[in-house]
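Okay, structure first, notes after.
The values are calculated or read from the model by the stated rules, or taken from the named source; none is laboratory data. All figures in this text were calculated on a predicted structure; none of them were measured in a lab. Note that we place each Cβ from the backbone using ideal geometry, even for glycine, and neighbour counts take in every protein chain shown.
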Amino acid sequence: MFLTQSQSLTPMQRIERCHVEIMSHPQTMEYSGVILVGKYMVSKDVRTASTNGVDVRYGEDFIAKLTDADLRGLILHENLHKVFQHTFLWKHLYAINPKRANMACDYVINLIIYDIDKASGGFVKLPEGGLLDEKYRGMDSQQVFDALTQDAEDKDKDKGRGKGRGKGGEGDGDGDPSGDEGAGLDEHDWDTGDMTPEEIEEVQREIDQAIRQGQMLAGKMNGNQSAVLGALTEPKVDWRVQLREYLSSLATGKDISTWQKVNRRWLQHDVYMPSTVSETVGRVVLGADTSGSCFHALEPFLAEMQAICMTLQPEKVDVLYWDTQVARHEVYGRDDLEKMSKSTCPAGGGGTDAACVPKYLKKEQIVPECVVMFTDGEMGSWGEWSCPVLWCVVDNKNAKPPSGVVIHID
């Protein structure tokens, strides 16, 4: 039997008791480590609850209305934001549409709470107002955000057809299918401006370690070990390291002898020998899929490509933006590489057909040393390639190109 709400406990005491209950229950003890990360407090200034990805604040008036099961559900909700590091990973969505970003994150984690509710027999409940929809099961926050955006655009188009292009008409894209009252259960503090990149990275490591500790505890106590948390703690090879190693390998074994520069070590013995020089990487083509589902990862990917190219000094870098055809072609010489990620201008955004890239290369008589294809892997055709190709696939572990090497980017 679960403890019922006690009116004699202060709001903070209720939260502390619920923490202990969550960390003791077989279905939720795997969240024990994450609950201990950061501080938690109660305030009359908070409408419902809020987290910045580390600390959690609870609204005193709001939690006073909740049953213990609801409060446990609210606590899990806030800590799942921490688990998925929403305020760090999806801040770019907040910059596009704050309300929709909040909704996208909530839809993902509320399905997890719903599943725990069923498995635990009501130990946790999603408080009233929590967004829940089965159609988003299996999606991450970016995918939910894209779906909500599409729904809003469709809704605006319907308004435009019925009422002309006035307020709320075609193309404003600000509507949400849930209406003005459906922004989610809690508030999300996306402002991490006071945290340096190093501090954010340290918090992310701490949360990762906390997840592992919770999983270990659940394993020892015969508690639930969910596939969701298991996937988050799987060993990962940094895609940046893989990308660097692949491109660096292109220059391996390219040492050649030349008489144009005599080896000075032998001159003291009156012996003339050729010196050895290393060729740099030849022409490299970067093909970037400009479909919306992988656009969020394009900027850091381009920055990493630029850093690698600055080291390897390829003869030339061709940047191709493509969807079902090549929409833009940019060329960077060795002297231009430093400004590549800042001066580039993505174009396109329609469907996805990688076959357009090798066709374009053949048409333009471009013979690269290798092609690096950046894509989400959701396409009908991968194309036929006559040169080495490296596929950098975003958020799609199931993508299996028929040729080339694959690097998965989360």
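In region 30-44, the residues that are in the same structural domain as GLY214 (by TED's automatic domain parsing) and under 20 Å from GLN213 (Cα atoms) form Cβ pairs under 8 Å with partners that are at pLDDT 95 or above and of a type in the set (S, T, N, Q), at six or more places apart or across chains, as follows: TYR31/ASN79; VAL34/ASN79; ILE35/ASN79. Please find, within region 65-100, the residue that is nearest to HIS25 (Cα to Cα) out of those that are out of contact with any strand residue (DSSP E or B) (no Cβ under 8 Å at 6 or more places or on another chain) and of a type in the set (Lys, Arg). Among those that are out of contact with any strand residue (DSSP E or B) (no Cβ under 8 Å at 6 or more places or on another chain) and of a type in the set (Lys, Arg), it is ARG72. For ASP106, the requirement of being among the charged types (D, E, K, R) and touching a residue at least 40 places away in the same chain (Cβ under 8 Å) is met. Can you confirm whether THR51 is within 21 Å of ILE200 (Cα to Cα), outside the structural domain of LEU298 (by TED's automatic domain parsing) and not small (Gly, Ala, Ser)? The answer is yes for THR51. Under the condition of being surrounded by fewer than 19 Cβ atoms within 10 Å (Cβ to Cβ) and in contact (Cβ under 8 Å) with a residue 12 or more places away in the chain, the residues counted in region 116-127 number 3. If you scan region 128-150, which residues turn out to be surrounded by fewer than 15 Cβ atoms within 10 Å (Cβ to Cβ) and assigned to a helix (DSSP H, G or I)? The answer is GLU134, LYS135, GLN150.
Checking GLY223, GLY230, GLY160 one by one, the residue that is modelled with pLDDT of 80 or more, surrounded by 11 or more Cβ atoms within 10 Å (Cβ to Cβ) and over 23 Å from the mean Cα position of the chain (by Cα) is GLY223 and no other. Report yes if ARG244 is assigned to a helix (DSSP H, G or I) and either modelled with pLDDT under 85 or surrounded by 14 or more Cβ atoms within 10 Å (Cβ to Cβ) (or both), otherwise no. Considered against the rule, which asks whether it is assigned to a helix (DSSP H, G or I) and either modelled with pLDDT under 85 or surrounded by 14 or more Cβ atoms within 10 Å (Cβ to Cβ) (or both), ARG244 comes out as yes.
Okay, residues lined up against (1) among the hydrophobic types (A, V, I, L, M, F, W, C); (2) surrounded by fewer than 22 Cβ atoms within 10 Å (Cβ to Cβ):
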| position | (1), (2) |
| --- | --- |
| VAL20 | yes, yes |
| PRO26 | no, yes |
| SER32 | no, no |
| VAL42 | yes, yes |
| LYS65 | no, yes |
| ASP70 | no, yes |
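Residues in region 312-370 that are in contact (Cβ under 8 Å) with a residue 40 or more places away in the chain, outside any loop (DSSP other than H, G, I, E, B) and either closer than 14 Å to ARG283 by Cβ or out of contact with any strand residue (DSSP E or B) (no Cβ under 8 Å at 6 or more places or on another chain) (or both): LEU312, ASP318, LEU320, SER341, LEU361, CYS370.
The single condition among (1) in contact with a helix residue (DSSP H, G or I) (Cβ under 7 Å, 6 or more places away or on another chain); (2) of a type in the set (Val, Ile, Thr); (3) surrounded by 17 or more Cβ atoms within 10 Å (Cβ to Cβ) that VAL405 does not meet is (3).
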